Each structure stands twice: as C-alpha cells, then as structure tokens.
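A.B. asks: Supplied in structure tokens, the structure appears directly below.
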Amino acid sequence: MTETRSARDAMDEAHHAHALKARAERRAKAEAMGVDADYVSRFVDGFYGKIRQDAVLGPIFAEKVGDWDEHLGRMKRFWRSILFSSGEYSGNPMPKHVALPGLDESHFARWLDLFYATLREQGGSEEAARMVGTRARMIADSLLTGIAIHRDGMVGSRAGENLPRP
C-alpha cells in the first residue's frame, strides 16, 4: 500500500509540476505579446463600459448585475484565468447564461462586436488582439452552443458557427 501511495504521490507531484510549468509558459507567452494583468484590467473596464452603454446588451446586464465593482473583479479574474491559466476564477458561467430567456446568436454577435472594438481601441500588438479575440469567440461559441443544446437538444450543437471572428 505504501509503494502504491508513493507512486501515486509521485505522479500527482509530476502532474502538478507540469501544470505549473504550462501555466508559467502560457503567462510568459501572453506577457511577451503585451497581455498582462494591467492589460486585462484596462480591457475589462473598457469593454464593460461599452456593454453598459449598449442599447441591446446594456439592459440585460443592468437587470442581472447588482454590484458592478464585484462583477468587474470577477470578469478580470475570469479573463486572467482564460488568458494565463491563472486558476483565479472558479465558476461556471453556463447556468447564468442558460437562464436568460431569449438569449440568442444576435446577442453574442453584438457582444463580440463590442469586444473586438475594445481590442482595437486597447492598442497593442495584432498578435495580442488575435489571441484575446480568438479566446472570446471560443467562449461565445461555447456558451451559445450550450444554450442551444439546453433549449433544442443536439440540434443546436454548432449554434455559434456564424458568430463574427476577430
């Protein structure tokens, strides 16, 4: 039993070390493009500033977000986790999106349009904008597909294929 436990512990340590190394490499790659914690903070603030002013998305967010400081902090943790594998965000955004009646491709397309516009305004390298924009599109596609599967079954399994690309 001790040998099995030691072997398992050794494997767990190796996997943990590998995960830490991969996380550090991902963060270093993003930072080399100029995408660091300050970039994420400025981006999230600018993007959600646009969302709040938007005629389509603003009312949806206004109804659901009671504390904007808390929401912005959560979104900064989310994006750092997505872009750097920081592990700061633990949550599942799918149920919150599934619960919104009428949420469809047009909403996600508008979200992406505002996201991409914020990326262009943010400045930085084309490589950085492409990396962050590609992640955003993957998230929008995943959420839209999850919503469609929830509502329509497997018929909706590629619901986000027509969303705008960065």
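Read-outs throughout are calculated quantities, based only on the coordinates presented, and are distinct from any laboratory measurement. Keep in mind that what you see is a predicted model, and the values were worked out from it rather than measured. Positions of Cβ are generated from backbone atoms using ideal geometry, with glycine treated the same way; all protein chains shown enter the neighbour counts.
A.B. asks: For segment 127-149, indicate whether the set of residues that are outside any helix (DSSP H, G or I) and small (Gly, Ala, Ser) is non-empty.
C.D. replies: Checking segment 127-149: not a single residue is outside any helix (DSSP H, G or I) and small (Gly, Ala, Ser).
A.B. asks: When segment 131-146 is examined, which residues are found to be among the charged types (D, E, K, R), farther than 20 Å from GLU31 by Cα and under 10 Å from the mean Cα position of the chain (by Cα)?
C.D. replies: Residue satisfying the conditions is ARG137 alone.
A.B. asks: Which numbered condition in (1) assigned to a helix (DSSP H, G or I); (2) touching a helix residue (DSSP H, G or I) at 6+ places or on another chain (Cβ under 6 Å); (3) among the hydrophobic types (A, V, I, L, M, F, W, C) is the only one that VAL56 fails?
C.D. replies: In the conditions (1) assigned to a helix (DSSP H, G or I); (2) touching a helix residue (DSSP H, G or I) at 6+ places or on another chain (Cβ under 6 Å); (3) among the hydrophobic types (A, V, I, L, M, F, W, C), VAL56 misses (1) alone.
The rows are residues; the columns are (1) under 20 Å from ASP38 (Cα atoms); (2) surrounded by 13 or more Cβ atoms within 10 Å (Cβ to Cβ); (3) without any contact (Cβ under 8 Å) to a residue 40 or more places away in the chain; (4) of a type in the set (Val, Ile, Thr).
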{"residue": "SER85", "(1), (2), (3), (4)": "yes, yes, no, no"}
{"residue": "ALA99", "(1), (2), (3), (4)": "no, no, yes, no"}
{"residue": "GLY102", "(1), (2), (3), (4)": "no, no, yes, no"}
{"residue": "ARG110", "(1), (2), (3), (4)": "no, yes, no, no"}
{"residue": "ARG130", "(1), (2), (3), (4)": "yes, yes, yes, no"}
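A.B. asks: Quick one: count up the residues across segment 34-58 that are of a type in the set (A, V, I, L, M) and closer than 16 Å to ALA129 by Cα.
C.D. replies: Here the count works out to 4.
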